[in-house]
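A quick write-up on the structure given underneath.
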Amino acid sequence: MNKFVVFIGVIFLLALSSCGRRNEGGELVGAAQRGKYMEPIPHGMVLIPSGSFTQGINDQDATWALNSQSKRTSIGAFWMDETEITNNEYRQFVEWVRDSIARTKLGEQFEEFLNSEDENGNLIEPPTLNWNTEIDWDNEEYAELLEEMYVPEHERFSSRKEIDARKLVFSFQWVDFKQAARLSNRYNSETGEYEGLVDDYQGGRKSIEDRSSFIIKESLNIYPDTLSWIHDFTYSYNEPLAEQYFWHPSFDDYPVVGVSWKQARAFCRWRTEFHNSALRKNGKYSVPEYRLPTETEWEYAARGGIALNLYPWGGDYTRNEKGCFLANFKPLRGNYVDDGGLVTLRVGTYEPNGYGLYDMAGNVAEWTSAVYAESAYSFTHDMNPNYQYNALPNDPPALKRKVVRGGSWKDVGYFLQCGVSSYEYQDTAKSFIGFRCVRTRHVK
């Protein structure tokens, strides 16, 4: 009899674990099993584990610093690019935008550049771009459609036919969760409608019609400001860098510069969709968005797991025991070359910090997602703190300041310290500011 009871029990358990987790007994067993998810390690990124640290000043912080505060904070785990985004990596973005514009134009006459049907023969409306068809830029049949992508003849230097960087506009979308989360903007299930107002970031405000009102659409020119090498340093000869730094192969592994905060954010949007599109095509789960790090994430990562350290490498000095500098910055009252380079250097030239991150001090300063405010440590939360604000066109300039961290090749050693913040305006591009991306890690 006991064996019979055991047998019946086994049959019952098997039934519960069968396809769709069928449960005729009415017990709470969860939805259909989807298998264990294993998050793939992102290419070129390292894992920054969750933890807690003291954020802010140290005993060598200047007494006049406005942001001379500190607080204890806790951070969730995330992935971070081991180096700053390079010219070559950013150029992949630029070329994708160029090719997407070209395919859109060519698709007006040549159907092979568009996908009008899916693999099952179902109509795709509107058609999507077909990236499997190569673009022959020298094809005479394409010439007329692609001509407007080039610099007009009367603007060409030495008759060089070049892509007009002014035409490289990236259109993208993002969901404004901040506005959607406001209680006044929530869906009213009793009336069956939304009742709030939403900013469109074009200077207007409109009534919320449905969920699409929280989808913000933007278009932005994404080509780096190569002239920043000249306008940042008026009385300095930097024309060769303006002409060659971004496109010449000798600078492929150097950090991209001349990219504004808005352009860096647009890159993150593109990178997210570029990656997730490939994952979805292969029937895999998408990953969290790539984004700029919060100020707290950046500082936590820069410290490399060492508490209260002055610099990312853990010591109190900018030289090692052999007297060699440990980062690319402006030492010795302007002896730029004494650290190994005049301006920027290849990413990863110096040793990484404890988390395996390169150039968290020097080379180029880095954008974060945070708004710069002297009192931010006082009002931000102590769990994943972040002061982020999407500035409106008519907002005062102070709300358009974004936190920059890490110091650069043109900065003195003070700005290399882990706890020191600076800022630039979100629509400003500088020859000494770059960026790297982070991605929130899935919970185990």
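So here's what we get for this one:
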{"quantity": "V46 vs. criteria of a type in the set (A, V, I, L, M, F, W, C) and either under 32 Å from the mean Cα position of the chain (by Cα) or at pLDDT 95 or above (or both)", "calculated": "yes"}
{"quantity": "Residues that are open to solvent by less than 60 Å² (accessible area, probe 1.4 Å) and acidic (D, E), drawn from region 286-329", "calculated": "E295, E297, E299"}
{"quantity": "Residue match in region 103-112 (condition: part of a loop (DSSP other than H, G, I, E, B) and closer than 27 Å to G44 by Cβ)", "calculated": "no"}
{"quantity": "Restricting region 187-220 to residues that are of a type in the set (V, I, T) and in contact (Cβ under 8 Å) with a residue 40 or more places away in the chain, the residue that is most open to solvent (accessible area, probe 1.4 Å)", "calculated": "I215"}
{"quantity": "Criterion (at positive phi and either open to solvent by less than 10 Å² (accessible area, probe 1.4 Å) or in contact with a Cys (Cβ under 6 Å, 6 or more places away or on another chain) (or both)) met by exactly one of G434, G419, G406", "calculated": "G406"}
{"quantity": "Residue pairs meeting the criteria (Cβ under 9 Å; at least 6 apart or on separate chains; first free of Cβ contacts under 8 Å to residues at least 40 places away in the same chain, in region 147-166; second among the hydroxyl-bearing types (S, T, Y) and exposed (fewer than 12 other Cβ atoms within 10 Å of the Cβ))", "calculated": "E153/S159"}
{"quantity": "Inter-residue pairs, beta-carbon under 6 Å, first hydroxyl-bearing (S, T, Y) and in region 39-54, second outside any strand (DSSP E or B), 6+ apart", "calculated": "S50/G76; S50/A77"}
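Per-residue answers, yes or no, for (1) of a type outside the set (A, V, I, L, M); (2) more than 26 Å from the chain's Cα centre (by Cα):
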| residue | (1), (2) |
| --- | --- |
| A266 | no, no |
| A278 | no, no |
| K281 | yes, no |
| P288 | yes, no |
| G304 | yes, no |
| G314 | yes, yes |
| E321 | yes, yes |
| G341 | yes, yes |
| T344 | yes, no |
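Yes/no matrix, rows are residues, columns are (1) open to solvent by 70 Å² or more (accessible area, probe 1.4 Å); (2) at pLDDT 95 or above; (3) more than 30 Å from G348 (Cα to Cα); (4) hydroxyl-bearing (S, T, Y):
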| position | (1), (2), (3), (4) |
| --- | --- |
| Q92 | yes, yes, no, no |
| R98 | no, yes, no, no |
| Q109 | yes, no, yes, no |
| E119 | yes, no, yes, no |
| I124 | no, no, yes, no |
| T133 | no, no, yes, yes |
| E140 | yes, no, yes, no |
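Let's see how each residue does on (1) under 26 Å from G314 (Cα atoms); (2) open to solvent by 20 Å² or more (accessible area, probe 1.4 Å); (3) in a loop (DSSP other than H, G, I, E, B); (4) of a type in the set (G, A, S):
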site	(1), (2), (3), (4)
D359	yes, no, yes, no
P385	yes, no, yes, no
Q388	no, yes, yes, no
E424	no, yes, no, no
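The values are calculated or read from the model by the stated rules, or taken from the named source; none is laboratory data. Only a predicted model underlies this, so the values are computations on that prediction, with no experimental measurement involved. Positions of Cβ are backbone-derived with ideal geometry, glycine not excepted, and every protein chain shown enters the neighbour counts. For the accessible areas, the whole protein counts, side chains as well, though only heavy atoms, and no ligand, DNA or RNA atoms are used. Shrake-Rupley method; radii C 1.70, N 1.55, O 1.52, S 1.80 Å.
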